[in-house]
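The values are calculated or read from the model by the stated rules, or taken from the named source; none is laboratory data. Owing to the predicted nature of the structure, the values given are computational and were not obtained by experimental measurement. Please note: Cβ atoms are built from the backbone with ideal geometry, for glycine as well, and neighbour counts cover all protein chains shown. The protein model used for the area step is the full one, side chains on, heavy atoms only, and it has no ligands, DNA or RNA in it. Shrake-Rupley method; radii C 1.70, N 1.55, O 1.52, S 1.80 Å.
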Amino acid sequence: MVTVETEVLIDAPIEVCFDLARDIDVHTRTVWKHTKEKAVAGVTSGPISLNETVTFEATHFFVRQRLTSKITEFRAPYFFVDETQRGAFKYLRHEHVFETVEGKTRMVDRLTFAAPLGLLGWAVERLVLKRYMQRFLEDRNVQVKCIAEERKG
């Protein structure tokens, strides 16, 4: 398994950041445009909460994929976890952590995943997916930061 972690400091209240991070509409607006990601089942709009699922359809590496995730842990406004139930990954756990630091919000994403296909999947995780997922999260977090700081003002 591979873990990637990102961190961003946002000049907005923790509740705003927490709610934006679990909002399906915000998610689809803040991911890479070329993936054409959309929610197609489960919670498809607005905030997602404990024990709810969402299925996203998106194109990654020129392949249209479906990924169903479930919110398995939830402590507002500090922490939530989504875990893949179905999709291309053998395992995927995404921890979202929020903390107030000197009047701002530190948002941390910790993504742990494993690809299928044994040794081939192990190599792809390390050679391609780790950097890809790191950039995906970093780019999304910049967008969430911009939205949160706009809403604050």
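Using square roots of five times the C-alpha gyration tensor eigenvalues, list the equivalent-ellipsoid semi-axes of the chain in whole Å, biggest first.
25, 17, 15
With r defined as the distance between the Cβ atoms of Lys36 and Ala123 and R0 fixed at 30 Å, what FRET efficiency is calculated, to the nearest 0.05?
For Lys36 and Ala123, the calculated efficiency is 0.65.
Relative contact order, percent, of region 36-108 when contacts are C-alpha pairs under 8 Å separated by at least 6 residues?
RCO, region 36-108: 19 percent.
May I ask for the net charge around Gly46, where only other residues with Cβ less than 15 Å from the Cβ of Gly46 are counted and Lys, Arg are +1 while Asp, Glu are -1?
With Lys, Arg at +1 and Asp, Glu at -1, the neighbours total -1.
As a check on your grasp of the helix formula, calculate [θ] at 222 nm for the chain: sum -39500 (n - 2.57) over DSSP H runs of n ≥ 4, divide by the residue count, round to the nearest 500. List each step's numbers first, then the result.
Values: 4 runs with 45 residues, N = 153.
Computed mean residue ellipticity for the chain: -9000 deg cm²/dmol.
Across region 97-105, in residue order, what do the Karplus-derived ³J(HN,Hα) couplings come to in whole Hz, using 6.51 cos²θ - 1.76 cosθ + 1.60 with θ = phi - 60° and x for Gly and Pro?
For region 97-105, the Karplus-derived couplings read 10, 10, 8, 7, 9, 6, x, 10, 10 Hz, x marking Gly and Pro.
Compute the distance in nm between two label points, each set 7 Å from the Cα along the Cα-to-Cβ direction, one at Glu15 and one at Glu83.
My value for the distance between the label points is 3.0 nm.
Quick one: with all protein chains in place, what share of the accessible area of region 1-138 is carbon or sulfur, to the nearest percent (1.4 Å probe)?
Heavy-atom surface of region 1-138 belonging to carbon and sulfur, 1.4 Å probe: 55 percent.
Within 14 Å, Cβ to Cβ, of Glu57, how many net charges do the neighbouring residues add up to if Lys/Arg are +1 and Asp/Glu are -1?
For residues surrounding Glu57, the net value is +4.
Ignoring ligands, DNA and RNA, what accessible area per residue does the chain give at 1.4 Å, in Å²?
Per residue, the chain has an accessible area of 54 Å².
Which loop-located chymotrypsin sites (Phe, Trp or Tyr not before Pro) does region 56-89 contain, where loop means any DSSP state but H, G, I, E or B and the Cβ has at most 12 other Cβ atoms within 10 Å?
Those satisfying the criteria are Phe61, Phe62.
Let's test the formula: R0 of 25 Å, r as the Cβ-Cβ distance of Lys152 and Ser45. What FRET efficiency results, to the nearest 0.05?
Here the calculated transfer efficiency is 0.60.
Subtract the Cα-Cα distance of Tyr91 and Phe61 from 0.36 nm times their separation in residues, and report this length gain in nm to one decimal.
9.0 nm
Loop-only check: which trypsin sites (Lys or Arg not before Pro) in region 1-67 are DSSP coil with at most 14 other Cβ within 10 angstrom? Walk me through the numbers before you get to the answer.
Details: sites: Arg22, Arg29, Lys33, Lys36, Lys38, Arg64, Arg66; in loops: Arg22, Lys36.
Those satisfying the criteria are Lys36.
At 25 °C and a viscosity of 0.890 mPa s, what translational diffusion coefficient does Stokes-Einstein give for region 18-93, taking Rh as the Kirkwood radius over Cα pairs? Give it in µm²/s as a whole number.
Values: Rh = 12.6 Å.
It comes out at roughly 194 µm²/s.
Can you tell me the length gained on complete extension of the stretch Tyr132 to Thr100, counting 0.36 nm per residue apart and subtracting the Cα distance?
8.7 nm
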